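No lab work stands behind these numbers, since they all come straight from the coordinates. The shown structure was predicted, so the numbers you read here are calculated from the model rather than taken from an experiment. All Cβ positions, even for glycine, are placed from backbone atoms using ideal geometry, and neighbour counts span all protein chains on display.
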Amino acid sequence: MKRIGTWALYAIGTVAVLYLALYAYAAFTQRTFTPGDPIHIFRNPEAPSYS
């Protein structure tokens, strides 16, 4: 039982480190946002209109 707990702790720690690495990657590679720029939402012109 102690061995299973140890492996579970290692797995949780690995997932936490991977999450932090992904967060750091996203934080450092994000696009620069300047207030006032228009937001471009691209939509398929052939898509049906549900409104």
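Looking only at chymotrypsin sites (Phe, Trp or Tyr not before Pro) in DSSP loops with at most 13 other Cβ atoms within 10 Å, what is the longest site-free stretch of the chain?
1-32
Where in the range 1-31 are there trypsin sites (Lys or Arg not before Pro) that are in a DSSP coil and have at most 12 other Cβ atoms within 10 angstrom of their Cβ?
Qualifying residues, ordered by number: R31.
Taking only DSSP H segments of four or more residues, each worth -39500 (n - 2.57), what value at 222 nm results for the chain once the sum is divided by all its residues, to the nearest 500 deg cm²/dmol?
Taking each H run of at least 4 residues, the total per residue is -19000 deg cm²/dmol.
Students often get this wrong, so try it: which of (i) 38, 13, 10; (ii) 23, 10, 8; (iii) 43, 20, 7 is semi-axes √(5λ) of the Cα gyration tensor in Å as calculated from the structure shown?
(iii)
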